[in-house]
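The values are calculated or read from the model by the stated rules, or taken from the named source; none is laboratory data. As the structure is a computational prediction, the values presented were derived from the model and not from experiment. Cβ placement follows ideal geometry from the backbone for every residue including glycine, while neighbour counts extend to all protein chains displayed. When the accessible area is computed, the model is the full protein with side chains, heavy atoms only, and any ligands, DNA or RNA have been set aside. Shrake-Rupley method; radii C 1.70, N 1.55, O 1.52, S 1.80 Å.
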Amino acid sequence: MTERPDRESVPTHPMISPHSERKAVRAGQGPPPPSGPPVWDGPPPPSHPPDPRGTMERMRDLPGKVSIRWRLALTYSGMFFLAGALLLVVIYFIVRSVLYTGFVYELKLPNGTPSDLAAYLETQVKLLRVNGINEVLDTLVRQSILGLLGVGILAVIFGYFVADRALRPVSQMTSTARKLSESTLAHQRIDLQGPNDELKELADTFDDMLIRLNVAFDAQRRFVANASHELRTPLTINRTVLEIALSDPEASEDLKALGRTLLEVNARNEKLIEGLLLLARSERELAVRKPVDIMDVAQTAVEQVTPFAEEHGVTLTTELVSAPTIGDPVLLERSVSNLLENAVKYNVPENGKVWIRTGMADGALVVQVANTGQHVPAYEVNSLFEPFRRLNADRVDSAKGAGLGLSIVRAVVQAHGGTVNAVPREGGGLVVTIRLPRR
């Protein structure tokens, strides 16, 4: 059975806390619906503890936080400032030497001037000479320092523009790298013009690497297209031949049993190939980007999985709230379907439950699927997103699937610029949370 509340209604009971079934499990009863305050389970938000380092340690780390443009600008201006200061010191000593050498007073006194008065006047003349020279030197120092400060400020500004011009090719390479994608790789190049210096050599090397990447992507696209045809066609022929053989009324029971077994193996191989091709498609850049409401995507996925859930005796509970975004609706629907199918397949044998909710949380679009099931150790959760990996098994048991469901989910979510995380529920099962950027 499937419980579907009004699609536009605001959720009245929250889901899903890993600790919501602790009391039910201890009491030995069936798991009740989760209760408590609303919560979006997943990794805790990043915290910023206070920095235990001292002021001197933070100052020593400061150069590593300054951009290379400012470091170059400060280096240019610092070297210019030191050169200016050295020049002023040299000028100071040159002027001082010139003043003391050429600035001489000659005192001429009339005959008969008393010797005491002559000595006093001579001393005053020397003091006047020294004071005059010192005043000139002091004025020179003050004016030089003010001029040096002004020129230093201009040197910082000039150095910033010089560094900006020197780093312009690097900015061009960065801009080109950010624009690169699988669809623009064939024609997007840096094509840096200028002298054959180190930056030109770096840009040309980067362009050569883009050419090699484009060839590799072309080979991958051709392989996927060829594999889609070459692998599916024989399996389709095998399935047709087996179905014809099984429909023969003269076929023996042993032959029919063998045919049914081969059909199951053939169906599993078809699913495996389809999953591999979908995984390869999901890991490439999105070819379709259009507005989509994740509530509609989740509702379609629920309708598709409902018969499968009823067959396994699992109850689906939905809380779907509108959450618009931009992406590939088919891939998003497949990722949600994979989560629901996994939640149904890996559930408890009786009275299993699966919850799905959509909405907005912390400025991001969120899809969350939780289920009852066997206990999942926390250290095993991340490995479940690897291809062909299942809980407590390196290879896939053929009974439940190809082991690509969560790998496809992660590839689709990452192609949409989002994240997917899973945490164990206490009492068994998983809580898988998808976060996608808003429109």
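Key figures
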| quantity | calculated |
| --- | --- |
| Spans of helices (runs of 4 or more DSSP H) in the stretch 319-426 with at least 1 residues within 23 Å of VAL288 (Cα to Cα) and modelled with pLDDT of 85 or more | 329-345, 405-415 |
| Single match in ARG168, ARG222, ARG232 (criterion: under 25 Å from TRP70 (Cβ atoms), modelled with pLDDT under 85 and open to solvent by 70 Å² or more (accessible area, probe 1.4 Å)) | ARG168 |
| Failed item in (1) at positive phi; (2) open to solvent by 10 Å² or more (accessible area, probe 1.4 Å); (3) in contact with a strand residue (DSSP E or B) (Cβ under 7 Å, 6 or more places away or on another chain), with ASN351 passing the rest | (3) |
| Qualifying position, being β-branched (Val, Ile, Thr) and in contact with a Ser or Thr (Cβ under 8 Å, 6 or more places away or on another chain), among VAL354, VAL381 | VAL354 |
| Qualifying position, being open to solvent by 70 Å² or more (accessible area, probe 1.4 Å) and of a type in the set (A, V, I, L, M), among ILE133, ILE94 | ILE94 |
| The one condition in (1) closer than 30 Å to LEU180 by Cα; (2) part of a helix (DSSP H, G or I); (3) at pLDDT 85 or above that VAL292 fails to fulfil | (2) |
| Test: residue in the stretch 103-114 that is open to solvent by 70 Å² or more (accessible area, probe 1.4 Å) and assigned to a helix (DSSP H, G or I) | no |
| The one condition in (1) modelled with pLDDT of 90 or more; (2) under 30 Å from ALA216 (Cβ atoms) that ALA280 fails to fulfil | (1) |
| Filter result for ALA257 (surrounded by fewer than 16 Cβ atoms within 10 Å (Cβ to Cβ) and modelled with pLDDT under 80) | no |
| Scope the stretch 378-389; condition surrounded by fewer than 14 Cβ atoms within 10 Å (Cβ to Cβ) and touching a strand residue (DSSP E or B) at 6+ places or on another chain (Cβ under 7 Å); matching residues | ALA378 |
| Set ARG168, ARG129: member being closer than 27 Å to GLY78 by Cβ, of a type in the set (Lys, Arg) and without any contact (Cβ under 8 Å) to a residue 40 or more places away in the chain | ARG168 |
| Tally, over the stretch 337-346, of residues that are touching a residue at least 40 places away in the same chain (Cβ under 8 Å) and crowded, with 23+ Cβ neighbours inside 10 Å | 4 |
| Test set (1) outside any helix (DSSP H, G or I); (2) at pLDDT 85 or above - THR300 fails condition number | (1) |
| Single residue of LEU148, LEU180, LEU121 found to be hydrophobic (A, V, I, L, M, F, W, C), over 23 Å from TRP70 (Cβ atoms) and open to solvent by less than 50 Å² (accessible area, probe 1.4 Å) | LEU180 |
| Single match in LEU246, LEU210 (criterion: under 35 Å from the mean Cα position of the chain (by Cα) and open to solvent by less than 60 Å² (accessible area, probe 1.4 Å)) | LEU210 |
| For VAL431: the one exception among (1) at pLDDT 80 or above; (2) in contact with a helix residue (DSSP H, G or I) (Cβ under 7 Å, 6 or more places away or on another chain); (3) not small (Gly, Ala, Ser) | (2) |
